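Following: one structure in C-alpha cells, then a few remarks.
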Amino acid sequence: MSQDQAADKSQASPAKNRGSKNRRKSRELALKALYRNRMNAGDVKQLRLDSLDDPDYSKADEAYFKQLLTGVLDHTADVDAMIGQFIDRQLDELSPIEHAVLRISGYELMFDVSIPYRVAINEGVELAKSYGGIDGHKYINGVLDKIAAQVRPHEFGNQAKK
C-alpha cells in the first residue's frame, strides 16, 4: 500500500467512526435530557436549550438528537406501555436512568425501523453500562430483547436463525 493510499484510508476511517459516534453522543444527550425532564418536568424546547450547554453537544448529530428527543416525548405513552409488558416492577420503580434508556431504545425499536434492532439494543446496553447502576445493563438487555421480539418479529426471527 502506498503512502497516498494509507493517507486516504486514514482520512476515510475517522468519518465513518465519527458518524456512529455522533449518534451515540445524540443518544447520550437524549438520555441526559430525559433524565432532567423526569426530575424537573420541562418542555422540549427548554430541554434542547439546556442540552446546548453540554460539552458533548458539538460532537453529537444534532438532527438525530432532536428527532430522538421529540420522538421519545411524543410517543412516551406507547413506549411506556410496551416497556410495562416486560418489566418485573412498576414503571415508577425503575431508576430514572434505566427508564430513560428503555424509552430511547424502545422508541428506536418501535418507531425507527432504519435502526437495526441489534443496534438499538446494543446502544441501550452501552448507555446503561456508562450511566446506569451495576448490572443494570443486563436488565436493559433482557427487556429490549423482548420488545424487539414483539415489535420486529420478522427482523428478530431472521437474525435468531443465523
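Identify the single condition in (1) within 21 Å of ARG36 (Cβ to Cβ); (2) part of a loop (DSSP other than H, G, I, E, B) that ASP50 does not satisfy, given that it satisfies every other one.
(2)
Yes/no per residue for (1) among the β-branched types (Val, Ile, Thr); (2) modelled with pLDDT under 95:
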position: MET82; (1), (2): no, no
position: ASP92; (1), (2): no, yes
position: SER114; (1), (2): no, yes
position: GLY132; (1), (2): no, yes
position: ASP135; (1), (2): no, yes
position: ILE140; (1), (2): yes, no
position: VAL143; (1), (2): yes, no
position: PRO153; (1), (2): no, yes
position: GLN159; (1), (2): no, yes
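Might you check whether a residue that is more than 27 Å from LYS66 (Cα to Cα) and not in a loop (DSSP other than H, G, I, E, B) occurs anywhere in the stretch 99-107?
No, the stretch 99-107 contains no residue that is more than 27 Å from LYS66 (Cα to Cα) and not in a loop (DSSP other than H, G, I, E, B).
Go through the stretch 74-112 and give me each residue that's surrounded by 15 or more Cβ atoms within 10 Å (Cβ to Cβ), more than 15 Å from the chain's Cα centre (by Cα) and over 20 Å from ARG36 (Cα atoms).
Hits for the stretch 74-112 are MET82, PHE86, ILE87.
Please give the number of the condition ILE115 fails out of (1) open to solvent by 80 Å² or more (accessible area, probe 1.4 Å); (2) not in a helix (DSSP H, G or I).
Status for ILE115: all satisfied but (1).
Just to check your reading of the model, which residue among GLY136, GLY132 is open to solvent by less than 60 Å² (accessible area, probe 1.4 Å) and more than 21 Å from LEU68 (Cα to Cα)?
GLY136
How many residues, within the stretch 139-162, are open to solvent by 20 Å² or more (accessible area, probe 1.4 Å), over 17 Å from GLY71 (Cβ atoms) and either part of a loop (DSSP other than H, G, I, E, B) or touching a residue at least 60 places away in the same chain (Cβ under 8 Å) (or both)?
3
Looking only at the stretch 56-72, how many residues end up being closer than 12 Å to LYS25 by Cα and either outside any helix (DSSP H, G or I) or among the polar types (S, T, N, Q) (or both)?
The number of residues fulfilling the criteria is 4.
The values are calculated or read from the model by the stated rules, or taken from the named source; none is laboratory data. The shown structure was predicted, so the numbers you read here are calculated from the model rather than taken from an experiment. Cβ atoms come from the backbone with ideal geometry, glycine included; neighbour counts cover every protein chain shown. Just the protein is used for accessible areas: all its heavy atoms, side chains included, with ligands, DNA and RNA removed. Shrake-Rupley method; radii C 1.70, N 1.55, O 1.52, S 1.80 Å.
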